[in-house]
């Protein structure tokens, strides 16, 4: 496995840049703010894009709660915001259990915000590289009952990996979860030329962590496992996946929820 990058506040990190863009709380550094501002100059639509991603996550999480899920793995969770996964879950399921996992050291410093819980439930944070699926699952066993269904949340994090790595991780994790579990996955597409140029500029920052925009076909490939079955409406642009009154018009990000058979 590649070594984890050393923490250097002078180098922007995706989780912290994202916190700048969605403006829902979270701590970041001057380097992150500057990277976010440069991205906005190259692609002014990035703020609406980031909020559309957050909107898909919110609607998908609500759907998973409607399916009676009370156990969640939020992998590549990013910095705490004003309303985190465990808070949303435990408002509906007070006994809900959530494991957060991320490799960003700043996320780890804020773990207290991710490990508070209701008395009935349980929440924890694991500082782990998502590529180390054995460690992800080992941590999950300390918080969740892996003999019962689990919802795995992969919100815009697979783009940080090579495609073959992403396929392997999705396959290994979903194969390890019991029948009746679900996968939620969202990913930015390569449909917008302006965004592609802006992303290439961001990816060129020395020491940074690139994000790979991908074709819709490749995003669909992340669900192409025999043990996964798409929930309606399938893989859709964020704006078209169970839209509500808060949904904006961004259609260059895609997401879906799939049942693990």
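A few remarks follow.
- Residue list for the range 73-87, filter: outside any loop (DSSP other than H, G, I, E, B) and either touching a helix residue (DSSP H, G or I) at 6+ places or on another chain (Cβ under 6 Å) or farther than 13 Å from residue 184 by Cβ (or both): 73, 74, 86, 87
- Failed condition for residue 218, given (1) more than 19 Å from residue 45 (Cα to Cα); (2) under 18 Å from the mean Cα position of the chain (by Cα); (3) in contact (Cβ under 8 Å) with a residue 60 or more places away in the chain: (3)
- Counting only strands (runs of 3 or more DSSP E) that sit wholly inside the range 147-254, those with at least 3 residues that are surrounded by 17 or more Cβ atoms within 10 Å (Cβ to Cβ) and modelled with pLDDT of 95 or more are 151-155, 182-188.
- Within the range 66-84, the set of residues being crowded, with 18+ Cβ neighbours inside 10 Å and at pLDDT below 95 comprises 76, 77, 78, 79, 80, 81, 84.
- Every residue from the range 97-133 that is at pLDDT below 90, assigned to a helix (DSSP H, G or I) and touching a helix residue (DSSP H, G or I) at 6+ places or on another chain (Cβ under 9 Å): 106, 107, 114, 115
- Among the numbered conditions (1) more than 25 Å from residue 77 (Cβ to Cβ); (2) in contact with a helix residue (DSSP H, G or I) (Cβ under 9 Å, 6 or more places away or on another chain), the only one that residue 229 does not meet is (2).
- Taking the listed residues 48, 35, the one that is under 19 Å from residue 160 (Cα atoms), out of contact with any strand residue (DSSP E or B) (no Cβ under 9 Å at 6 or more places or on another chain) and modelled with pLDDT under 95 is 35, with no other qualifying.
- Of everything listed in (1) in contact with a helix residue (DSSP H, G or I) (Cβ under 7 Å, 6 or more places away or on another chain); (2) within 21 Å of residue 118 (Cα to Cα), the single unmet condition for residue 62 is (1).
The values are calculated or read from the model by the stated rules, or taken from the named source; none is laboratory data. Just so it is clear, the structure is predicted and the values come from calculations on it, not from any experiment. Every residue, glycine among them, receives a Cβ derived from its backbone with ideal geometry; neighbour counts consider all protein chains shown.
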